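Read through the structure below, which is laid out as structure tokens, and then see the notes.
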Amino acid sequence: MDTREFYRDTWAEVDLSCIRDNIRSFSGLLADGTEIMAVVKADGYGHGALPVALASLDAGASYLAVALLDEALSLRQQGIEAPILVLGRTRPEDAPLAAEYHISLTVFQEDWVEVASARLQGQEKVNLHLKIDTGMGRIGTREEEETKRLALRIENDPQFCLEGVFTHFATADELESDLVDKQFQRFDKSLEWVRQTGASPSLVHCGNSAASLRFPERLFNIVRIGISMYGLAPSPELKSVLPIPLKEAFSLHTRLVHVKKVQPGDTISYGAAYTAKEEEWIGTLPIGYADGWMRRYAENGHALVRGERVPFAGRICMDQCMIRLPYEMEAGELVTLIGRQGDEKIAIDDLAAQIGTINYEIPCLITGRVPRIYKK
Ligand SMILES: Cc1ncc(COP(=O)(O)O)c(C=O)c1O
């Protein structure tokens with residue numbers, strides 16, 4: 001465990017051995033020679049970008065991906081030397097920073113290349129990955145002429161190297177979607193267009209976690225693994241057909257800071273929305289919605305204490321919330337909000353289902369105020 005100092009009784013635990021095991025399981029699943037780009041954007045989906053980056057590289061990932069130039073620079077400043085791709089659009093004026101820190105950028109607009117090229121004069125080459133929009137409808141080129149002109153423009157510019165071409169699936173996590181096949185076909189065609197210009201990008205990628213789990217043999221030479229590196233299935237549908245075990249790395253814990261007996265009719269928390277029906281033991285936890293422990297988690301939600309599931313009592317406040325205890329306990333007792341105690345488990349997937357969202361959101365929303373500690 002890390003011994004980073006913090007002074008509160010709430011923390012998230014990230015088991016890096018799970019991250020490493022998940023990367024190794026993907027290596028075993030994918031076609032021989034397929035490389036892994038570990039997606040550590042959004043502070044490693046809330047797990048911590050740097051420790052996850054180090055663990056994934058240690059387990060065999062060869063490339064990292066982030067959403068923003070800022071995230072890539074932060075990793076460089078913390079000593080990461082592995083190649084990093086920024087998946088979103090970077091301002092072309094900032095291309096010199098990418099050159100200086102050897103960060104690869106995503107490109108899909110000709111005017112971007114013009115501006116970036118002018119800014120880069122005399123600097124080192126920047127590696128570019130051309131993004132094709134095959135059906136996600138977010139960023140990327142769509143038409144033949146546009147794609148060819150852009151590829152050619154990059155090829156002919158000494159400031160750039162067209163290192164990669166990629167696309168992103170919109171529905172790879174749905175078992176019955178026609179769009180995935182259409183996107184594969186459009187991507188094949190787009191690659192032909194790029195190659196017809198004489199360009200020969202060394203990295204071609206389309207696989208996210210879902211596509212990598214479902215079509216491990218069809219994914220060119222590198223895949224971008226995010227959610228499943230953290231041990232989570234890309235969708236409830238895929239959870240029942242996983243070809244490899246996924247180990248959930250994130251758990252969330254706190255401790256009782258106060259315990260009291262209340263009488264029938266006493267109310268708890270804002271709005272007095274909870275009324276004790278009998279003599280009850282109520283425990284207070286030092287975590288609230290400002291930590292990303294959202295108010296809706298109290299609606300039919302549970303925490304684990306001494307291996308038992310216990311309900312929340314009343315509304316979650318900004319920094320604290322209350323649970324109903326089965327009997328008297330001491331302040332200091334461990335309470336698990338995500339993770340396992342004995343035979344009971346509260347999974348990230350359970351919380352996502354409870355509040356009607358996807359598992360991706362749950363750890364991302366646990367704010368920086370909650371210290372992360374790392375199990376090596
Ligand atoms: C472009 C791109 N590639 C890869 C990923 C990783 O996807 P997943 O977390 O589903 O593996 C994402 C995630 O949002 C993405 O936006």
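The values are calculated or read from the model by the stated rules, or taken from the named source; none is laboratory data. None of these values were measured; they are calculated from a predicted model. Positions of Cβ are backbone-derived with ideal geometry, glycine not excepted, and every protein chain shown enters the neighbour counts. Protein only, heavy atoms only, side chains kept; ligands, DNA and RNA dropped before computing areas. Shrake-Rupley method; radii C 1.70, N 1.55, O 1.52, S 1.80 Å.
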Unique match (being surrounded by 18 or more Cβ atoms within 10 Å (Cβ to Cβ), out of contact with any Leu (no Cβ under 7 Å at 6 or more places or on another chain), modelled with pLDDT of 95 or more and more than 27 Å from W193 (Cβ to Cβ)) among A49, A59, A55: A59
If only one of G60, G46 is away from the ligand (no atom under 16 Å from the Cβ) and over 21 Å from S200 (Cα atoms), which one is it? G60
If I filter the range 1-28 down to residues being surrounded by fewer than 15 Cβ atoms within 10 Å (Cβ to Cβ) and of a type in the set (A, V, I, L, M, F, W, C), which single residue comes out as farthest from A331 (Cα to Cα)? M1
Taking interchain pairs and intrachain pairs at least six residues apart, which have beta carbon atoms under 6 angstrom, with the first residue in the range 224-236 and on the phi > 0 side of the Ramachandran plot and the second outside any loop (DSSP other than H, G, I, E, B) and more than 9 Å from the ligand (Cβ to nearest atom)? G231/C18; G231/N22
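Sort out which residues of the range 15-41 are more than 16 Å from the ligand (Cβ to nearest atom) and either outside any helix (DSSP H, G or I) or among the charged types (D, E, K, R) (or both), and write them in order of number. Break it down into steps so the answer makes sense when it comes.
First pass over the range 15-41, keeping only residues more than 16 Å from the ligand (Cβ to nearest atom): 15-17, 20-21, 24, 28, 31-33.
The answer is D15, R20, D21, R24, A31, D32, G33.
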Hey, D157 touching a Leu at 6+ places or on another chain (Cβ under 8 Å) and at pLDDT 95 or above or not: no
Among residues of the range 1-23, those that are over 20 Å from Q341 (Cβ atoms), modelled with pLDDT of 95 or more and of a type in the set (F, W, Y), counted: 1
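Out of the residues in the range 214-223 meeting the condition of being under 21 Å from the mean Cα position of the chain (by Cα) and either open to solvent by less than 10 Å² (accessible area, probe 1.4 Å) or more than 21 Å from P245 (Cα to Cα) (or both), tell me which one is nearest to the ligand (Cβ to nearest atom). Spell out the reasoning first.
In the first step, residues of the range 214-223 are kept if they are under 21 Å from the mean Cα position of the chain (by Cα); the result is 214-216, 219, 222-223.
Now drop any that are not either open to solvent by less than 10 Å² (accessible area, probe 1.4 Å) or more than 21 Å from P245 (Cα to Cα) (or both), which leaves 219, 222-223.
On the way: L219: 12, I222: 11, V223: 9 Å.
Among them, the one singled out is V223.
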In the range 100-119, anything crowded, with 21+ Cβ neighbours inside 10 Å and in a helix (DSSP H, G or I) is listed as V113, A116
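What number of residues within the range 263-307 are of a type outside the set (A, V, I, L, M), open to solvent by 20 Å² or more (accessible area, probe 1.4 Å) and within 19 Å of D319 (Cα to Cα)?
If we filter the range 263-307 for residues that are of a type outside the set (A, V, I, L, M), which is where we start, we get 263-267, 269-271, 274-275, 277-281, 283-284, 286, 288-289, 291-293, 295-297, 299-302, 306-307.
Imposing the further condition that a residue be open to solvent by 20 Å² or more (accessible area, probe 1.4 Å) reduces the set to 263-267, 269-271, 274-275, 277-279, 281, 286, 289, 295-296, 299-300, 302, 306-307.
The next check asks that each one be within 19 Å of D319 (Cα to Cα); those that pass are 267, 269-271, 274, 286, 289, 295-296, 299, 302.
Number satisfying all stated conditions: 11.
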Spot the failing condition for K260; the list is (1) touching a residue at least 40 places away in the same chain (Cβ under 8 Å); (2) open to solvent by 30 Å² or more (accessible area, probe 1.4 Å), and only one is missed. (1)
Scanning the range 238-257 for residues that are touching a Cys at 6+ places or on another chain (Cβ under 8 Å) and either surrounded by fewer than 19 Cβ atoms within 10 Å (Cβ to Cβ) or not in a loop (DSSP other than H, G, I, E, B) (or both) gives K247
If you scan the range 270-307, which residues turn out to be among the acidic types (D, E) and either in contact with a Gly (Cβ under 7 Å, 6 or more places away or on another chain) or within 21 Å of W11 (Cβ to Cβ) (or both)? D291
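Would you mention how many residues in the range 346-364 are over 27 Å from D58 (Cβ atoms) and open to solvent by 20 Å² or more (accessible area, probe 1.4 Å)? Explain how you work it out, then say what you get.
Pass one, the range 346-364, residues over 27 Å from D58 (Cβ atoms): 346, 350-358, 361.
After this cut, where a residue has to be open to solvent by 20 Å² or more (accessible area, probe 1.4 Å) as well, the list is 350, 353-354, 356-358, 361.
Looking only at that region, the number is 7.
Going through the range 195-206 one residue at a time, which ones are without any contact (Cβ under 8 Å) to a residue 24 or more places away in the chain and either under 18 Å from the mean Cα position of the chain (by Cα) or in a loop (DSSP other than H, G, I, E, B) (or both)? Break it down stepwise before answering.
Here is the first cut: in the range 195-206, the ones without any contact (Cβ under 8 Å) to a residue 24 or more places away in the chain are 195, 200.
Across the range 195-206, the qualifying residue is only S200.
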Could you count how many residues in the range 297-314 are over 12 Å from G283 (Cβ atoms), out of contact with any strand residue (DSSP E or B) (no Cβ under 6 Å at 6 or more places or on another chain) and not acidic (D, E)? 2
Cβ-Cβ distance below 7 Å, separation of 6 or more or different chains: which pairs start in the range 282-304 with a residue that is of a type in the set (D, E) and end on one that is open to solvent by 10 Å² or more (accessible area, probe 1.4 Å)? D291/T367; D291/R369
Please determine whether any residue of the range 177-193 is in the same structural domain as P83 (by TED's automatic domain parsing), open to solvent by 10 Å² or more (accessible area, probe 1.4 Å), within 16 Å of the ligand (Cβ to nearest atom) and within 24 Å of G46 (Cβ to Cβ). no
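Consider T197 carefully, then state whether it is among the β-branched types (V, I, T) and either more than 30 Å from L97 (Cβ to Cβ) or at pLDDT below 95 (or both).
On the way: among the β-branched types (V, I, T): yes; either more than 30 Å from L97 (Cβ to Cβ) or at pLDDT below 95 (or both): no.
So T197 fails the test.
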